[in-house]
Each structure stands twice: as C-alpha cells, then as structure tokens.
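The values are calculated or read from the model by the stated rules, or taken from the named source; none is laboratory data. In this text, all values refer to a predicted model and were calculated from it rather than measured experimentally. So basically every Cβ, Gly included, is an ideal-geometry build from the backbone, and we count neighbours across all protein chains shown. We work out accessible area using only protein heavy atoms, side chains counted, and drop any ligands, DNA or RNA first. Shrake-Rupley method; radii C 1.70, N 1.55, O 1.52, S 1.80 Å.
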Amino acid sequence: MGVETSYQAIPEGTALLERAIQDPDLGELLGLLNSSLHGSWYESARRGGPPLNETEETLQHMALSLEHAHPGLKQRFYTLDRRWDMLHFLLSAERRGEPSLPLDDLFTVAVRGGALLAPHIRGGQGHPIRIVSAAQTQALAARLAEVSQNDLRRHYVPERMEEAAVYKWFAAHVSDSTWPVLWDAFEGLRDFYREVAAHGEAVLVIQS
C-alpha cells in the first residue's frame, strides 16, 4: 500500500463543494468524485452490485449534474500516482530545503494543494483533501509553462533525493528510464493545469 495523489478539476463555488463542507457524510465521499462523474456506482448497482445508500445517491446525482453542466469535467483529471513527492522535490526549492521565493510556493500548491476544505473531507487513508483555487490554477498554468526540461533536470540528483527522504525513492533503483518517466509525469501535470485554467476551474488534490 502506498500514498497516491490525484487531481480533479471542479467548478469553484459549486453546490457540491458547499454541501460537502456542511455535510460530513457527503464530505467523506468527495474523494470518489471522479468515479461518480463516470457513473461507476450506478453501473455497479445496475449490474447487481451493492445498492447505493442515500449519501452515495446524492453524490452520484450531483456529480452527473456537474458533468452535464460542465462537459468533459470527468476527463479533466490527472494522477501522479506515487510520484508526487518526486516532482515536488524537482520543482520546489522549499521541498529541497533551499531558500525559496514566493513563486516557488506555487509549485508546492501545484503538487500538494492549497487550502483545506474541511476537517472531515479526506481521501483514502485519512489524508485531507485540499483545493487549488481557480485564481491559483491560472497562475500555476503560467508558471508551469515556464519550466523547461533543463530546469527540472538540474535538480535530478538521485542520491540527494534519497537523502531528502523523497517518498518511494531509492537511488539504487534508478535506471535509464527513470528520468523520462518523471519528465512525462511533469508534462502531464503541466498540461492538466493548462486545461483546467482554460476552463476557469479549481482543482481538488486528493491523496489516497
């Protein structure tokens, strides 16, 4: 078992967010929003799986209403799997323990999220769900677009990453394919934020 980080676009100020903040039962399910956007629970119940309880029905209904109002919302989703801390280290001077500038803080927000939604809103394994505001996604899209492969590569020092206790990182396991995988992960995150910013949406950062 490990901690994975995923990113789901969501319209800012939507009724679902407001209700999840007020309703602990609904808030506890918010980490399953992407599955709900795809109608996974309805499909499972239709095929003979466990019937949905009232709170699950509410989330499913509100999620599908969101998708109807914001076409393609379910595709505005990204996951770094277990690579989130690796990218955080490569992007953030703060994470590397170096002097940082205010702009560097944006990288931490990009990977780890911004404000907490509410104490009861958590992903799997009890990790709090955070939000990146619509204004922050605009700033992040611009900032991430400025990052070149050389910018990231100069911080790619396997031994130093291990010394910094980067999550699930072991210098002895590094191979020729490791760097391309990390660069692809960054490009995916960059492109995700660009797409979300183009739609003027916020982002839920979910660890599970």
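Table: residues versus (1) surrounded by fewer than 17 Cβ atoms within 10 Å (Cβ to Cβ); (2) of a type in the set (A, V, I, L, M, F, W, C).
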{"residue": "Ala63", "(1), (2)": "no, yes"}
{"residue": "Lys74", "(1), (2)": "no, no"}
{"residue": "Asp81", "(1), (2)": "yes, no"}
{"residue": "Leu91", "(1), (2)": "no, yes"}
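Considering every residue within segment 165-174, establish whether at least one is surrounded by 16 or more Cβ atoms within 10 Å (Cβ to Cβ) and part of a helix (DSSP H, G or I).
no
Taking into account only those residues within segment 97-114 that are hydrophobic (A, V, I, L, M, F, W, C) and surrounded by 11 or more Cβ atoms within 10 Å (Cβ to Cβ), which is farthest from Pro24 (Cα to Cα)?
Once the filter is applied, the top-ranked residue is Leu103.
Cβ-Cβ distance below 9 Å, separation of 6 or more or different chains: which pairs start in segment 134-158 with a residue that is more than 18 Å from Gln8 (Cβ to Cβ) and end on one that is β-branched (Val, Ile, Thr) and assigned to a loop (DSSP other than H, G, I, E, B)?
Pro158/Val174
Please determine whether any residue of segment 152-171 is acidic (Asp, Glu) and closer than 21 Å to Leu189 by Cβ. Steps first, please.
Filtering segment 152-171 down to residues acidic (Asp, Glu) leaves 159, 162-163.
If we keep only those that are closer than 21 Å to Leu189 by Cβ as well, we get none.
No, the conditions are met nowhere in segment 152-171.
Of the numbered conditions (1) open to solvent by 60 Å² or more (accessible area, probe 1.4 Å); (2) in contact (Cβ under 8 Å) with a residue 12 or more places away in the chain, Gly188 fails exactly one; give the number of that condition.
(1) is the only condition that Gly188 fails.
Name the single residue, out of those in segment 134-154 being small (Gly, Ala, Ser) and open to solvent by less than 30 Å² (accessible area, probe 1.4 Å), that is nearest to Glu94 (Cα to Cα).
Ala141
Just one of the numbered conditions (1) over 19 Å from Gly114 (Cβ atoms); (2) modelled with pLDDT of 90 or more; (3) open to solvent by 60 Å² or more (accessible area, probe 1.4 Å) is not true of Glu67; which one?
(3)
I'm trying to understand the selection: among the residues of segment 1-23, which are in contact (Cβ under 8 Å) with a residue 12 or more places away in the chain, assigned to a helix (DSSP H, G or I) and open to solvent by 20 Å² or more (accessible area, probe 1.4 Å)?
Selection gives Ala15, Arg19, Ile21.
Gly123 is checked against (1) modelled with pLDDT of 95 or more; (2) surrounded by 14 or more Cβ atoms within 10 Å (Cβ to Cβ) and fails just one. What number does that condition carry?
(1)
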